[in-house]
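The values are calculated or read from the model by the stated rules, or taken from the named source; none is laboratory data. Everything quoted here is computed from the prediction, not taken from an experiment. Ideal geometry is used to build each Cβ from the backbone, glycine not excepted, and the neighbour counts take in all protein chains shown. Surface accessibility is based on the protein's heavy atoms, side chains included, excluding ligands, DNA and RNA. Shrake-Rupley method; radii C 1.70, N 1.55, O 1.52, S 1.80 Å.
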Amino acid sequence: MGKIFVDACFGKETPYTPVWMMRQAGRYLPEYKAVRAQAGNFLNLCHDPEKACEVTLQPVDIVGVDAAILFSDILVIPNEMGMKLDFLAGEGPVFESPVRDEAALDALIGGEEAANKLTYVYEAIALIRERLAEDKALIGFTGSPWTLATYMIEGQGSKTYNICKKLIYTNPDFMHKLLLEVTEVVKLYLEKQIEAGVDVVQIFDSWAAALEKSKYFEFSWNYMKDIAAHIKAKYPHIPIIMFPKGIPAYLDEIDGDFDVFGVDWSTPMALAKEHLGDRYVLQGNMEPCRLYSKEATKECVTSIAETMKDGRHIFNLGHGILPDVPVENAKYFVSLCQEVSKR
Ligand code: CP3
């Protein structure tokens with residue numbers, strides 16, 4: 001049986017428009033919280049293929065999405081490049097020793113050696129592949145080199161990204177050297193995810209909006225494009241989704257060898273369609289907080305369906321689902337997307 005999600009990524013005709021949600025395996029599900037509690041903490045959960053498989057499948061079974069996304073985190077990459085990582089309650093991810101000088105950069109583990117340390121991810125993928133229904137797709141993912149570098153350099157989430165930006169304007173060579181090293185690991189990591197069984201890959205550039213336009217293309221998008229071209233050349237049958245968050249003003253210059261452009265919630269779908277709809281399938285883009293209200297959800301789903309009725313589309317949120325969203329509303333969103341788009 002074919003996978004409707006993969007068909008939609010390639011712009012093929014499908015019986016309805018498929019839907020999934022970024023961060024769909026997460027804390028809004030009591031079943032997720034129970035498995036996470038068993039694991040002890042978030043990183044243990046990422047490191048345990050059996051449990052990671054279990055939480056990956058939960059939203060497919062409970063909410064009815066058309067694709068599963070591998071349960072893991074973008075930050076396992078720098079973690080396996082040798083950076084000690086903690087997820088602190090209420091504070092999010094923290095790296096003990098951020099990379100801010102040549103010595104720290106040289107100490108990073110790179111290439112095959114780093115990619116080979118992520119075995120628990122490849123084992124989780126193999127288990128999910130075995131247990132996921134034949135007609136559902138499995139999405140693998142990575143962070144973009146820039147988004148990963150923000151955490152590696154700042155050491156944690158940031159409001160201003162001033163340490164990264166200081167490097168961009170005072171020592172761009174250092175920044176490029178780090179980005180290149182991360183890019184090499186990401187390429188191998190995605191290849192190994194594909195070899196292990198993912199059907200689609202998505203590159204998350206969550207902090208795209210931190211950079212002015214010319215710096216965005218130089219320090220982020222060009223690396224994402226390079227990764228996409230590398231994967232496309234080797235695995236043309238694997239769709240690639242690019243998700244740069246918050247760059248509606250840069251859409252006219254977006255190009256590259258990928259299949260789906262993930263539209264974030266701050267970008268009007270009609271604008272994305274005007275600039276990119278002829279060249280790419282568009283994914284998205286309901287504002288995730290609309291999930292607090294069924295009425296607000298319905299209004300938005302109807303409007304996106306109307307905008308995209310003569311276009312190529314995948315339903316999603318415009319960023320991750322939040323932990324306090326009622327499960328019932330998530331189910332409502334998913335079934336409504338599938339219903340309104342029936343052909
Ligand atoms: O989407 C999915 O369901 C798959 C799993 C997934 C997680 N993180 C699980 C997670 C994916 C695809 C990610 C990607 C990720 N991680 C991104 C890019 C996407 C985005 O949201 O912009 C980023 C920037 C991260 C880094 C990260 N991980 C942060 C900033 C945090 C803390 C914030 C938070 O939501 O708690 C995490 C932790 C994290 N990653 C959780 C989950 C389910 C929560 C951990 C917990 O269970 O306590």
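Would you mind checking which residues have amide H under 5 Å from His313's amide H? H placed 1.01 Å from N; only 5 or more apart, or other chain.
So His313 has HN proximity to Leu282.
Share of the chain's accessible area from carbon and sulfur, percent, 1.4 Å?
50 percent
Using only Cα atoms and rounding to the nearest 10 degrees, what angle (0 to 90) does helix 145-154 make with the longest principal axis of the chain?
50 degrees
FRET efficiency for Phe42 and Ser266, Cβ-Cβ distance as r, R0 = 25 Å, nearest 0.05?
Plugging the Cβ-Cβ distance into 1/(1 + (r/R0)^6) gives 0.35.
Can you tell me the dipole magnitude for the chain around its Cα centre, using point charges on the Cβ only (Lys, Arg +1; Asp, Glu -1), in Debye to the nearest 20?
580 debye
Write down the accessible area per residue of segment 85-208 in Å², having rolled a 1.4 Å probe over the full set of protein chains.
41 Å²
Where the Cα atoms of segment 53-106 are projected onto their three principal axes, how long is each span, largest first, in whole Å?
So the three principal-axis extents are 48, 25, 14 Å.
Taking amide H atoms as placed 1.01 Å from N in the peptide plane, list the residues 5 or more away in sequence, or in a different chain, whose amide H sits under 5 Å from that of Gln202.
Close amide H contacts, sequence-distant or interchain: Gly140, Phe141, Thr142, Ile241.
Could you tell me the center-to-center distance, by alpha carbons, between segment 274-343 and segment 32-71 in angstrom?
Taking the Cα centre of each part, segment 274-343 and segment 32-71 sit 23 Å apart.
Can you give the extra length, in nm with one decimal, that the chain gains between Ala89 and Asp106 once fully stretched, where that is 0.36 nm per residue apart less the Cα-Cα distance?
Gain on stretching Ala89 to Asp106: 3.0 nm.
Within straight cross-link reach of Lys192, meaning Cα distance under 13 Å, which aspartates and glutamates are found once same-chain residues fewer than 8 apart are removed?
Straight-line reach from Lys192, under 13 Å: Glu112, Glu113, Glu123, Glu184.
Once both labels are modelled 7 Å past Cα along the beta-carbon direction, what's the Glu274-Phe10 spacing in nm?
3.2 nm
Taking Cα atoms, how many degrees apart are the long axis of helix 172-196 and the longest axis of the chain, rounded to 10 and kept between 0 and 90?
50 degrees
Antiparallel as a % of all DSSP beta bridges within the chain, to the nearest 5?
Here the share of antiparallel DSSP bridges comes out near 20 percent.
As I understand it, the value is the acute angle between the Cα axis of helix 327-340 and the longest principal axis of the Cα atoms of the chain; what does it come to in degrees, rounded to 10?
Tilt relative to the chain: about 60 degrees.
Using a simple charge model, +1 on the beta-carbon of Lys and Arg, -1 on the beta-carbon of Asp and Glu, nothing else, what dipole does segment 107-243 show about its Cα centre, in debye to the nearest 20?
Here the size comes out at about 380 debye.
Over every pair of different alpha-carbon atoms in the chain, take the mean of 1/r and invert it; report that Kirkwood radius in Å.
Mean inverse Cα-Cα distance, inverted, gives 20.2 Å.
I want to check the label-to-label distance for Ser214 and Ala249. Put each point 7 Å from Cα in the C-beta direction and report it in nm to one decimal.
1.5 nm
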